[in-house]
Every structure is written in structure tokens, then in C-alpha cells.
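Presented below is the structure to which this report refers.
The values are calculated or read from the model by the stated rules, or taken from the named source; none is laboratory data. Treat the numbers as computed from the prediction; the structure is a model and nothing was measured. All Cβ positions, glycine included, derive from the backbone under ideal geometry; neighbour counts span all protein chains shown. To get the accessible areas, we keep the full protein, side chains included, count just its heavy atoms, and leave off ligands, DNA and RNA. Shrake-Rupley method; radii C 1.70, N 1.55, O 1.52, S 1.80 Å.
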Amino acid sequence: MDIKIEKLDESQLRPVPEDFGFGNVFANRMYSQEYADGSWGEAKIGAYSDFTMSPASSVFHYGQEIFEGLKAYRRPDGHVNLFRPWENAKRFNNSASRMSMPMVDVEDHVASIAKLVEIEQEWVPSAAGSSLYVRPTMIATDSALGMRASSRYKHFVIVGPVGNYYASGMAPVAVYISDEYRRAAHGGTGAAKTGGNYAASMIASEQAKQKGYVQVLWIDSAQGKYVEEVGTMNIMFVYGGKKIVTPKLTGSILPGITRDSLLKMAPDLGYEVVEEMIEVEQMLADIESGAITEVFGCGTAVVVSPVGRFGYRGKDYCLDETNVGPVAQHLYDELTAIQFGRKEDPYGWTMKIEVE
Ligand SMILES: *Cc1c(COP(=O)(O)O)cnc(C)c1O
């Protein structure tokens, strides 16, 4: 695939700031491509800039949009790793298909991300735990209010440096089990990374925060009985420090790449893994009895995020609220070692980008 690479003038080149927090700062360039008349047009890497759209654009009214999230990591040898970018590209296509949007070519999409990261490599930070966050996005751009799938789309990729999520150390968080709001319905869009899922979840997050919790645990919408996800992460339960249990993918759970990676690595690290339906009541009873020794969320942004306490129907169920459990720490250390290229990758998950 040919990518047109535009030359930026001096005024478009900003230096990499010292402090960038999480998701606020973007590199000088972005990737973009437009879809019309049944095919994708020219692929371009140009200046990161605002763009103009019709107020009637369908994305604004009917939310036809999808996104992805992956990271580029600075290796000890100075080169850069992408972690399983093919999986993100496939999931982007699965989301596109669910939202009646056009698919992208997986190899081309990965190649464009690799090219953008290579050109913007100075934006890949090297401080411990920091990385370059990559956000592929697709939006519907027909300027008409008719309720139908758009015929035009814009696909773009923006990248920006993100600090170590755990700058002040990994700490367990309090999680509220929402009995009122549901994230995703059977037959709905829960398995797609589409904006509407997140818009619909914000009210529950606000409610949880007001009650003193940091995240929401989502339970299934059909029966209000089974554990699905935590915040925008998948969730794992450790039994007796040895067995890792996670909800099996039922269609309303987002199939996380971190989840998949941990499930593949854990047996090699001596853990047993189980994917099954998990009843909330049983899970809470297992915390009370001590059968569950650790709980953690997992996703690209955090890798793993330990749960210290659950709140459900006015009662709290506590795990270790101060210390990170040994299994969460072990998995975090092993997975990040592969992502950052500190350890050999026996799974073929990393794509090394050679930079000057
Ligand atoms: C992105 C996401 C995840 C985690 O997926 P990763 O590929 O591991 O980053 C889990 N749940 C939801 C709802 C998500 O949006």
C-alpha cells in the first residue's frame, strides 16, 4: 500500500513536552483515509490538525463510530515494539462489521500504524512504564439526517505519549456493582468498541464515584446475575493463588487482547485458567470465604488493576485494599517484560519497528 507522507512546515512541528499525563497530548502527525463510493481512497500521513465537518454528519446524530486502543513501547535497545497490532486490526473490523461500517485491510492498517509510529518515534517515551498510545478511529461522514448506514467514512489514527498509569505505584481500587444500569445487552453492541457503549456507561461511573468507588462492575443485562466486566476492562478472579477464572465471552463482553494474552501466558507461568459464567452472588460468597484470593481488571491502558473492595446492595466485600496481590504482580511483570522487549517473546506477539 502507498501512503502519501506530507512534509510538515516548521510551524506544525511542536517539541515533545516533558509532562504529558494520560491522553492529553498528541504527536505532530496523524494518519487519515476517506471512504466513498464503495472503496477506500488515498492513505495519508500529515499534520495532526482539526478537521471541518458538516453539522449534519451522521456520526454526530446516530453515533456510527468505532475505535481501537493499542500502544507502542520503547525497547531497551532503543527500537520500538507494537504489541499484537494484528489483533487490534481484526477487532476494529469486527466492530466495523457490527456497526455497518466498511472494513479495513488488516495488513495495510497495521502497516500504516507502524509507519506513523516510525515517523513519530521521538514521541515514544522511554521513562519506565510510559508508552505511545495509538488510537485508530472510524466515523460516519454522510451529511444527511436519513436514518441509514452512511456511505462515506473517515478513518484516522492519532498517537500520543502516555505516562506510567501507576506513577505512584499500583494500588487496589474500590468497585461498585451497579444493580441499576447495564453496559451491554445480548444482541447489542457490547463486543464492539463503539462510542455509544461508553456514553451509556458514564452515568453509572458517576454514581459509583458519588458513593466512594472508583470503577463499576458490570453484570449481564438478561438476568442481572453474571459478572461481565469492570469499567472498560475485563475481569479476572484468582482462587487459592493458583487458579484464574474469568467470564467467558458471551457476546456482550468486549474481547480484550490483554485478557487473551493473560489467558495464554498464565498456564506457562504455572496457573490454571478457566473461562466460565460467574454468578455475582457466588463470587461475593467466595470473597467472604477467602476462596478468592485476588481480583483484578485487565486492559491495554493499565495492564492489570487490582480490586480492593466490592460494594453491592449496601454491603462491602473486601479483599486486600493496600497491597497488590502476587498473581496480579506476577502477570503484570511478565506481560510488560514482553511488551517492552525486556524479555524474549515466545508467542510472536510483538512487532519490532526499527528506528534511527
Ligand atoms: C478496550 C476494552 C477492554 C480491554 O481490551 P484490551 O484489548 O485488553 O485493551 C475491555 N473492556 C472494554 C469495554 C473495552 O472497551
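Kindly evaluate A185 against the criterion of being modelled with pLDDT under 95, within 16 Å of the ligand (Cβ to nearest atom) and among the hydrophobic types (A, V, I, L, M, F, W, C).
On the way: modelled with pLDDT under 95: yes; within 16 Å of the ligand (Cβ to nearest atom): yes; among the hydrophobic types (A, V, I, L, M, F, W, C): yes.
Yes; evaluated as a whole, the condition is true for this residue.
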Filter result for the condition that a residue is open to solvent by 10 Å² or more (accessible area, probe 1.4 Å) and within 16 Å of the ligand (Cβ to nearest atom), over Y271, Y317, Y347: Y347
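Among the listed residues V16, V25, V59, which satisfies the condition of being of a type in the set (V, I, T), open to solvent by 10 Å² or more (accessible area, probe 1.4 Å) and either assigned by TED's automatic domain parsing to the domain that holds I257 or closer than 22 Å to Y153 by Cβ (or both)?
Values: V16 fails: either assigned by TED's automatic domain parsing to the domain that holds I257 or closer than 22 Å to Y153 by Cβ (or both); V25 fails: either assigned by TED's automatic domain parsing to the domain that holds I257 or closer than 22 Å to Y153 by Cβ (or both).
The unique qualifying residue is V59.
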Filter segment 88-144 down to the residues that are under 16 Å from the mean Cα position of the chain (by Cα) and among the aromatic types (F, W, Y), then identify the one that is least open to solvent (accessible area, probe 1.4 Å). F92
Are there any pairs with C-beta distances below 8 angstrom linking a residue in segment 136-148 that is touching a residue at least 60 places away in the same chain (Cβ under 8 Å) to a residue that is surrounded by 14 or more Cβ atoms within 10 Å (Cβ to Cβ) and among the acidic types (D, E), with the two at least 6 apart or on different chains, and if so which? P136/E68; T137/E65; T137/E68; M138/E65; I139/E65; A140/E65; T141/E34
Residue check for A184: within 20 Å of the chain's Cα centre (by Cα) and among the small types (G, A, S): yes
For the condition touching a helix residue (DSSP H, G or I) at 6+ places or on another chain (Cβ under 8 Å), touching a residue at least 12 places away in the same chain (Cβ under 8 Å), surrounded by fewer than 22 Cβ atoms within 10 Å (Cβ to Cβ) and within 30 Å of I287 (Cα to Cα), what is the one hit in A191, A174, A200? A191
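Restricting to segment 164-218, count the residues that are among the aliphatic types (A, V, I, L, M) and assigned to a loop (DSSP other than H, G, I, E, B). Spell out how you get there, then give the answer.
First, pick out the residues of segment 164-218 that are among the aliphatic types (A, V, I, L, M): 167, 170-171, 173-175, 177, 184-185, 191-192, 199-200, 202-204, 208, 214, 216-217.
Then drop every residue that is not assigned to a loop (DSSP other than H, G, I, E, B), which leaves 167, 170-171, 184-185, 191-192, 214.
Final tally of qualifying residues: 8.
Being at pLDDT 95 or above and open to solvent by 10 Å² or more (accessible area, probe 1.4 Å) is the filter here, so list the residues in segment 240-250 that pass it. So that I can check it myself, show each step before the final result.
Taking segment 240-250 as the starting set, the residues that turn out to be at pLDDT 95 or above are 240-249.
Within segment 240-250, G240, G241, K242, K243, K248, L249 meet the criteria.
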Answer yes or no: is there a residue in segment 215-230 that is away from the ligand (no atom under 16 Å from the Cβ) and open to solvent by less than 50 Å² (accessible area, probe 1.4 Å). yes
Residues in segment 280-297: is at least one open to solvent by less than 20 Å² (accessible area, probe 1.4 Å), at pLDDT 95 or above and within 11 Å of the ligand (Cβ to nearest atom)? yes
